[in-house]
Amino acid sequence: MKTPCVAKCKNNEGICSGCHRTMSELTAWRTMSDSEQEQKIQQIQGQHSTHTCSQCGQPAYCEISAGKETCWCFELTKRDTSGIPSGTCLCRHCLEKLPLL
C-alpha cells in the first residue's frame, strides 16, 4: 500500500503535520484503491495541481477548482486567513501553518 506517511504524525486541528493528509483521508486510506491513493499523493505533493499557492508559490490542489462541491480544507479547524486575498487558495503546508481562529 502506498502512503505519503513520513512517521511524524501529529493531528494539527484536522491535518497531519507529517504527511498533510486530513483526518478523513487518513481514516479512508485503507479502503481507497491504489489509483485513488496515488492520485491523493500527487495532489498532496503538488504533482497534480489546480493552482499555485499564493503564499509559497508552489503547486497546490483545490477540489473546488477541480469541479467538486467541497474541498479538503473544509474539514480543518478554521484558520486566520484575513491576510490572504479573497478567493485564493493555499497549499496544505501553508494553510496548516496559519494560526487558528
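The values are calculated or read from the model by the stated rules, or taken from the named source; none is laboratory data. Just so it is clear, the structure is predicted and the values come from calculations on it, not from any experiment. All Cβ positions, glycine included, derive from the backbone under ideal geometry; neighbour counts span all protein chains shown. Areas reflect the complete protein model, heavy atoms only, side chains present, ligands, DNA and RNA absent. Shrake-Rupley method; radii C 1.70, N 1.55, O 1.52, S 1.80 Å.
Highest mean first, how do 32-40, 16-24, 79-87 rank when packing is the count of other Cβ atoms within 10 Å averaged over residues?
For the peptides 32-40, 16-24, 79-87, the packing ranking is 16-24, 32-40, 79-87.
If the only charges are +1 at each Lys and Arg Cβ and -1 at each Asp and Glu Cβ, what is the size of the charge dipole of segment 11-97 around the Cα centre, to the nearest 20 debye?
Charge dipole, segment 11-97, about its Cα centre: 180 debye, nearest 20.
Per residue, how much accessible area does the chain show when a 1.4 Å probe rolls over the protein heavy atoms, in square angstrom?
In whole numbers, the chain has 61 Å² accessible per residue.
Taking the square root of 5 times each eigenvalue of the Cα gyration tensor, what semi-axes in Å does the equivalent ellipsoid of segment 11-97 have, largest first?
Working from the Cα gyration tensor, I get semi-axes of 20, 15, 12 Å.
Carbon and sulfur atoms: what percent of the 1.4 Å accessible area of segment 22-101 do they account for? Display every interim value, and only then the final one.
Working: 2400 of 4880 Å².
Carbon and sulfur atoms account for 49 percent of the accessible area of segment 22-101.
Charges only on Cβ, +1 for Lys and Arg, -1 for Asp and Glu: so what's the dipole of segment 4-52 about the Cα centre, in debye to the nearest 20?
200
Name the residue farthest towards the positive end of the dipole of segment 11-97 from the options Thr27, Gln39, Pro85, assuming +1 on Cβ of Lys and Arg, -1 on Cβ of Asp and Glu, about the Cα centre.
In segment 11-97, that residue is Pro85.
Taking the mean number of other Cβ atoms within 10 Å as a proxy for protection, how do you rank 89-96, 3-10 from highest to lowest? Intermediate values should be presented prior to the final figure.
On the way: 89-96: 20.4, 3-10: 11.2.
Per-residue mean Cβ counts within 10 Å order the peptides as 89-96, 3-10.
What percent does the relative contact order of segment 11-97 come to when contacts are Cα pairs within less than 8 Å and at least six residues apart?
Numbers: 90 pairs, mean separation 24.9, N = 87.
Value for segment 11-97: 29 percent.
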